[in-house]
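Undergrad: Dropping a structure here in structure tokens format, bear with me for questions.
The values are calculated or read from the model by the stated rules, or taken from the named source; none is laboratory data. These numbers come from a predicted model, not from an experiment. So basically every Cβ, Gly included, is an ideal-geometry build from the backbone, and we count neighbours across all protein chains shown.
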Amino acid sequence: MKVDLSFLKELGIGEKNAGAHNGEWLQSPDASLLEVITPITGETVASVYQATPQDYEKVVAESRKAFKYWRTVPAPKRGEVVRLIGEELRKYKHLLGKLVTLEMGKILPEGEGEVQEMIDIADFAVGLSRQLYGLTIASERERHRLYEQWHPLGTVGVITAFNFPVAVWSWNALIAAVCGDVVIWKPSSDTPLTAIAVQKIVDKVVKAQGLPNGIFNLLIGPGSTVGQMMLEDKRISLVSFTGSIPMGRRVAEHVGSRLGKSLLELGGNNAIIISENANLEMALRAVLFGAVGTAGQRCTTTRRLVIHESVYETFVNKLIAAYKQVPIGNPMDAGVIMGPLVKREAVADMMEALKGLKEEGGGILYGGELLEGEEYACGCYVTPCIAEAKIGYKVVQNETFAPILYLLKYKDLDEAIEIQNGVPQGLSSAIFSTNMMEVERFLGPEGSDCGIANANIGTSGAEIGGAFGGEKETGGGRESGSDAWKAYMRRQTVTINWGSSLPLAQGIKFGE
Ligand code: UN1
């Protein structure tokens, strides 16, 4: 397997790259170098100077300065800047998509799809910039006006995961920007190059518009230093974190202890219920995309199937036949639908989970092997796995970020919903059924307890227009569409008395 690295230059990526940016690229003399390895071949493609505590200070200080200006710019004018960023992203869709593929291993159509997700969010944010509405409320007092308005928060820290290295930044950063916030991005250390490339694209627009430094900032460095400083820093008004549940807990604890705001989008353990009334062909395609897509490394990945006993055997046979056909290989190649896992540690986690599954009494029906041979020498390629399990198994309760699909059998819908809800996470869920009573029950208050509930489509691949996030240990945050923007602003309730007396609320008479 070979990868072409010549396109990196077109994105402004060199052999060695500065990893901190506050309008200027910063590189301390004592910065340590982070090697960037592609999971496609295991080779080093470039390296990045990681941000030091001094860089951190420079970035936060600049962001505070920029906020004083940016909050005064009318929201539709901020929207115009985001519109131009969206235009620039359109030009780079292919190259940036390719870089996502190089760095984290998802197939090229999915890499480009992720850049499309950024473009969609930019368009959404432009419209939103004229719709940051507050309510006017009927006052109980005469000649009084009661209303609410929304103001920018300040500096927003955006900590993103490797699996959606650019889309998740845009969900947060582009919405925050029209809301009048300034942004400091700390990407995953597995995917720093896409962050640098995006920062360069954004910076081009910022410079061409004559905007000050410090509106969009970047800090590449370990979570234990740079990330931790963000959590403890009162100057960071909101920390938006996408990643694992244990890390999210740390974010909530540290930010919570200084009474700061956090927005958490953590792990999923998403199930599809396949009823006896399902269109099995449609369900099959949805399961394949949901479970094998992105090599099982989406937070919305389908990890559990809850199948009615009457269609269990038929469906499982179809599924195994489909899994056997999955072309695995270089994610840059047309026709491949599953690339490598992000790194060897992820493969080790997958193997550990499968070992645990067997110990608990589960059985593997297909796959779950490490691929060997010259082509797969980097040790990151596996076959996707289908396993039989029980809802109580520890491995089924946990999110393993790998392509393992657990099969669970049910007799009646109540049982299916109980299994679907019977995990600590609550991100995405789906039912395949052509029976409206089943579908409505699943979508009703006694149904799915997840932030996302779908009927006759799978668990992954959400559109940006809806609010994205989940309940329980998924953290409760909502990003992206709908009114998720409210998390990036502060609400202010205003009462104006335009009369000439001073009536008190609740009819209180005070000293009269
Ligand atoms: C993630 O895995 O963190 O719904 C985000 C989806 C994508 C986003 C996934 N739009 O699968």
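Undergrad: Return the residue satisfying two criteria in turn: it lies in segment 286-302 and is of a type in the set (Gly, Ala, Ser) and more than 9 Å from the ligand (Cβ to nearest atom), and of such residues it is farthest from residue 338 (Cα to Cα).
TA: First pass over segment 286-302, keeping only residues of a type in the set (Gly, Ala, Ser): 286, 290-291, 293, 295-296.
Narrowing the set further to residues that are more than 9 Å from the ligand (Cβ to nearest atom) leaves 286, 291, 295-296.
Details: 286: 15, 291: 11, 295: 6, 296: 9 Å.
Restricting to residues being of a type in the set (Gly, Ala, Ser) and more than 9 Å from the ligand (Cβ to nearest atom), the top hit is 286.
Undergrad: Condition (residue is closer than 25 Å to residue 473 by Cα, among the aromatic types (Phe, Trp, Tyr) and part of a loop (DSSP other than H, G, I, E, B)) applied to segment 389-409: is it met by at least one residue? Full working, then the answer.
TA: Initially, segment 389-409 is screened for residues closer than 25 Å to residue 473 by Cα, giving 389-409.
Right, trim to among the aromatic types (Phe, Trp, Tyr) and you get 393, 401, 406.
Then keep just the ones that are part of a loop (DSSP other than H, G, I, E, B); that gives 393, 401.
So far as segment 389-409 goes, yes, one or more of its residues are closer than 25 Å to residue 473 by Cα, among the aromatic types (Phe, Trp, Tyr) and part of a loop (DSSP other than H, G, I, E, B).
Undergrad: Please work out which one of (1) more than 30 Å from residue 119 (Cα to Cα); (2) without any contact (Cβ under 8 Å) to a residue 40 or more places away in the chain; (3) hydrophobic (A, V, I, L, M, F, W, C) is the condition residue 432 fails and give its number.
TA: Condition (2) is where residue 432 drops out.
Undergrad: Show the residue pairs meeting these rules: Cβ distance below 8 Å; 6+ apart or different chains; first residue within segment 455-480 and under 16 Å from residue 298 (Cα atoms); second residue of a type in the set (Lys, Arg) and within 8 Å of the ligand (Cβ to nearest atom).
TA: Going by the 8 Å Cβ cut-off, the qualifying pairs are 460/298.
Undergrad: If you don't mind, another one. If residue 259 passes every condition in (1) surrounded by fewer than 19 Cβ atoms within 10 Å (Cβ to Cβ); (2) in contact (Cβ under 8 Å) with a residue 24 or more places away in the chain; (3) not basic (Lys, Arg) but one, which one does it miss?
TA: Of the numbered conditions (1) surrounded by fewer than 19 Cβ atoms within 10 Å (Cβ to Cβ); (2) in contact (Cβ under 8 Å) with a residue 24 or more places away in the chain; (3) not basic (Lys, Arg), the odd one out for residue 259 is (2).
Undergrad: Got a sec? Which of 406, 323, 410 is of a type in the set (Phe, Trp, Tyr), touching a residue at least 60 places away in the same chain (Cβ under 8 Å) and farther than 22 Å from residue 300 by Cα? Steps first, answer last, please.
TA: Details: 406 fails: farther than 22 Å from residue 300 by Cα; 323 fails: farther than 22 Å from residue 300 by Cα.
Matching residue, one of 406, 323, 410: 410.
Undergrad: Cβ-Cβ below 7 Å, separation at least six or inter-chain, first residue in segment 298-311 and farther than 15 Å from residue 404 by Cβ, second among the basic types (Lys, Arg): which pairs?
TA: 307/409; 309/409; 309/411
Yes/no per residue for (1) assigned to a loop (DSSP other than H, G, I, E, B); (2) at pLDDT 95 or above; (3) within 13 Å of the ligand (Cβ to nearest atom); (4) over 19 Å from residue 330 (Cα atoms):
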{"position": "88", "(1), (2), (3), (4)": "no, yes, no, yes"}
{"position": "109", "(1), (2), (3), (4)": "no, yes, no, no"}
{"position": "112", "(1), (2), (3), (4)": "no, yes, no, no"}
{"position": "118", "(1), (2), (3), (4)": "no, yes, yes, yes"}
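Undergrad: A follow-up question, please. Hey, does segment 191-198 have a residue that's part of a helix (DSSP H, G or I) and over 30 Å from residue 38 (Cα atoms)? Working first, answer last.
TA: The first filter runs over segment 191-198 and keeps only residues part of a helix (DSSP H, G or I), leaving 192-198.
Imposing the further condition that a residue be over 30 Å from residue 38 (Cα atoms) reduces the set to none.
No, segment 191-198 contains no residue that is part of a helix (DSSP H, G or I) and over 30 Å from residue 38 (Cα atoms).
Undergrad: Only one of 202, 182, 178, 168 is closer than 30 Å to residue 38 by Cβ, more than 16 Å from the ligand (Cβ to nearest atom) and hydrophobic (A, V, I, L, M, F, W, C); which? Please lay out each step first, then the result.
TA: Details: 182 fails: closer than 30 Å to residue 38 by Cβ; 178 fails: closer than 30 Å to residue 38 by Cβ; 168 fails: more than 16 Å from the ligand (Cβ to nearest atom).
From the options 202, 182, 178, 168, the qualifying one is 202.
Undergrad: Next question. Does segment 41-70 hold any residues that are under 25 Å from residue 102 (Cα atoms) and either out of contact with any Cys (no Cβ under 7 Å at 6 or more places or on another chain) or without any contact (Cβ under 8 Å) to a residue 60 or more places away in the chain (or both), and which are they?
TA: To start, the set of residues in segment 41-70 that are under 25 Å from residue 102 (Cα atoms) comprises 41-51.
Within segment 41-70, 43, 44, 45, 46, 47, 48, 49, 50, 51 qualify.
Undergrad: Any chance segment 211-226 includes a residue that's in contact with a Phe, Trp or Tyr (Cβ under 7 Å, 6 or more places away or on another chain), more than 16 Å from the ligand (Cβ to nearest atom) and part of a helix (DSSP H, G or I)?
TA: Looking through segment 211-226, at least one residue is in contact with a Phe, Trp or Tyr (Cβ under 7 Å, 6 or more places away or on another chain), more than 16 Å from the ligand (Cβ to nearest atom) and part of a helix (DSSP H, G or I).
Undergrad: Being of a type outside the set (Lys, Arg), at negative phi, surrounded by fewer than 19 Cβ atoms within 10 Å (Cβ to Cβ) and assigned to a helix (DSSP H, G or I) narrows it down to one residue among 35, 10; which is it? Spell out the reasoning first.
TA: Numbers: 35 fails: assigned to a helix (DSSP H, G or I).
On inspection, the qualifying residue turns out to be 10.
Undergrad: Also: Any residue at all in segment 91-104 that's under 30 Å from residue 483 (Cα atoms), surrounded by fewer than 16 Cβ atoms within 10 Å (Cβ to Cβ) and among the aromatic types (Phe, Trp, Tyr)?
TA: Checked segment 91-104: no residue is under 30 Å from residue 483 (Cα atoms), surrounded by fewer than 16 Cβ atoms within 10 Å (Cβ to Cβ) and among the aromatic types (Phe, Trp, Tyr).
Undergrad: Something else: Condition (residue is within 14 Å of the ligand (Cβ to nearest atom) and not acidic (Asp, Glu)) applied to segment 248-255: is it met by at least one residue? Let's see the steps before the verdict.
TA: Step one: filter segment 248-255 for residues within 14 Å of the ligand (Cβ to nearest atom), giving 248.
In the following step, the residues that additionally are not acidic (Asp, Glu) were identified as 248.
Yes, the conditions are met somewhere in segment 248-255.
Undergrad: Moving on. Which of the residues spanning segment 309-328 are touching a strand residue (DSSP E or B) at 6+ places or on another chain (Cβ under 8 Å) and surrounded by fewer than 23 Cβ atoms within 10 Å (Cβ to Cβ)?
TA: 309, 311, 312, 315, 316, 320, 323, 324, 326, 327, 328
Undergrad: Go through (1) in contact with a Ser or Thr (Cβ under 8 Å, 6 or more places away or on another chain); (2) in a strand (DSSP E or B); (3) of a type outside the set (D, E, K, R) and name the single condition residue 368 misses.
TA: It is condition (2) that residue 368 fails.
Undergrad: For residue 442, indicate whether it is of a type outside the set (Val, Ile, Thr), farther than 14 Å from residue 354 by Cα and crowded, with 17+ Cβ neighbours inside 10 Å.
TA: Working: of a type outside the set (Val, Ile, Thr): yes; farther than 14 Å from residue 354 by Cα: yes; crowded, with 17+ Cβ neighbours inside 10 Å: yes.
Yes.
Undergrad: Suppose we filter 100, 126 for residues that are within 16 Å of the ligand (Cβ to nearest atom) and assigned to a helix (DSSP H, G or I); which single one remains? Walk me through how you get there before you give the answer.
TA: Numbers: 126 fails: within 16 Å of the ligand (Cβ to nearest atom).
Within the list 100, 126, the selection yields 100.
Undergrad: For residue 394, all conditions in the list (1) under 22 Å from residue 452 (Cα atoms); (2) of a type outside the set (Val, Ile, Thr); (3) surrounded by fewer than 19 Cβ atoms within 10 Å (Cβ to Cβ) hold save one; what is the number of the exception?
TA: Checking residue 394 against (1) under 22 Å from residue 452 (Cα atoms); (2) of a type outside the set (Val, Ile, Thr); (3) surrounded by fewer than 19 Cβ atoms within 10 Å (Cβ to Cβ), the one that fails is (1).
Undergrad: Then there is this: Out of curiosity, is residue 359 more than 20 Å from residue 190 (Cα to Cα) and out of contact with any helix residue (DSSP H, G or I) (no Cβ under 8 Å at 6 or more places or on another chain)? Can you show your working first?
TA: Working: more than 20 Å from residue 190 (Cα to Cα): yes; out of contact with any helix residue (DSSP H, G or I) (no Cβ under 8 Å at 6 or more places or on another chain): yes.
For residue 359, the condition - more than 20 Å from residue 190 (Cα to Cα) and out of contact with any helix residue (DSSP H, G or I) (no Cβ under 8 Å at 6 or more places or on another chain) - is met.
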